[in-house]
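Below is one structure, written out as structure tokens; comments come after it.
Coordinate-derived values only; no laboratory data. What you see is a predicted model; the values in this text were computed from it and never measured. Because the Cβ atoms are built from the backbone with ideal geometry, glycine has one as well, and the counts that use them run over all protein chains shown.
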Amino acid sequence: MNRYKDHLYIIPEDDRDRQLAQGFRLYDQVNTQRIQIMPPAGGWANVLAQFQTEYVQQLRQYPLGRVVLLIDFDGDYGNRRGRFGTDIPVDLRERVFVVGARETPEELKRELGQSFEEIGKSLADACYRGVDGHWGHDHLRHNDPDRHRLVRDVKPFLFQ
């Protein structure tokens with residue numbers, strides 16, 4: 001990935017989140033040259049720690065980069081999102097997005113009856129077409145503020 005062009009990193013909490021991200025990346029309208037999915041961090045706290053130790057400096061060095069922190073909110077959206085909001089440096093907040101299932105990806109998968117990758121593709125399709133789609137589901141609706149910012153910011157370079 002060329003760091004001197006607009007690009008997006010996704011840091012998934014665990015393998016299920018990685019599969020969701022992989023499905024998003026596999027959507028046929030996504031420019032795969034501009035998106036990179038990192039290995040699972042091993043927990044939401046590790047996503048935040050990895051972001052702080054590796055990506056804060058990188059975002060400051062490469063101003064065309066963005067980061068999605070893909071976590072499970074485990075039924076505690078307000079507190080967990082608040083923690084991330086506090087720990088993301090003010091100068092980077094416009095380029096960092098915190099999204100994830102209200103509970104866990106497993107519950108989302110069970111309710112939607114699709115694989116993680118299929119869900120990811122559906123989420124990418126909704127972003128591409130500018131509709132809510134699965135984003136409107138009870139397990140994902142809380143992401144609307146970050147999702148709307150994300151789509152507005154990355155759609156020009158991420159979708160073909």
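Please identify the chymotrypsin sites (Phe, Trp or Tyr not before Pro) of region 1-73 that satisfy two criteria: DSSP loop assignment and at most 11 other Cβ atoms within 10 Å. Which are they?
Listed in order of number, the matching sites are Tyr4.
Rounded to the nearest whole Å³, what is the per residue volume of the convex hull around the Cα atoms of the chain?
95 Å³
Go through region 142-152 residue by residue and turn each phi into a ³J(HN,Hα) via Karplus (6.51, -1.76, 1.60, θ = phi - 60°); whole Hz please, and just put x for glycine and proline.
For region 142-152, the Karplus-derived couplings read 4, 7, 3, x, 5, 4, 5, 4, 4, 4, 4 Hz, x marking Gly and Pro.
Short version: ³J(HN,Hα) in whole Hz for each residue of region 33-48, in order, from phi by Karplus 6.51 cos²θ - 1.76 cosθ + 1.60 (θ = phi - 60°), x for Gly and Pro, what are they?
Taking θ as phi minus 60°, the curve returns 6, 10, 9, 9, 9, 7, x, x, 7, x, x, 5, 5, 6, 4, 5 Hz for region 33-48.
Given H placed on each backbone N at 1.01 Å, which residues far from Ile35 in sequence or on other chains put an amide H within less than 5 Å of it?
Under 5 Å from the amide H of Ile35: Leu8.
Straight-line reach only, C-alpha to C-alpha below 28 angstrom: list the lysines that Lys5 could link to, leaving out same-chain residues fewer than 8 apart.
Counting by Cα, and skipping residues close in sequence, Lys5 has these lysines nearby: Lys121, Lys155.
Cα centroid distance between region 1-54 and region 96-160, in Å?
Here the two parts' Cα centres lie 14 Å apart.
Using only alpha-carbon positions, what ratio does the radius of gyration of region 1-90 give when scaled by 2.2 N^0.38 Å?
For region 1-90, the normalised Cα radius of gyration comes out at 1.09.
Which of the peptides 12-18, 95-101 is most tightly packed, and how do the rest follow, going by the mean number of other Cβ atoms within 10 Å of each residue?
Sorting 12-18, 95-101 by mean packing, highest first, produces 95-101, 12-18.
Write down the percent of antiparallel bridges among all DSSP beta bridges whose residues are both part of the chain, to the nearest 5.
Counting DSSP beta bridges with both partners in the chain, the antiparallel share is about 5 percent.
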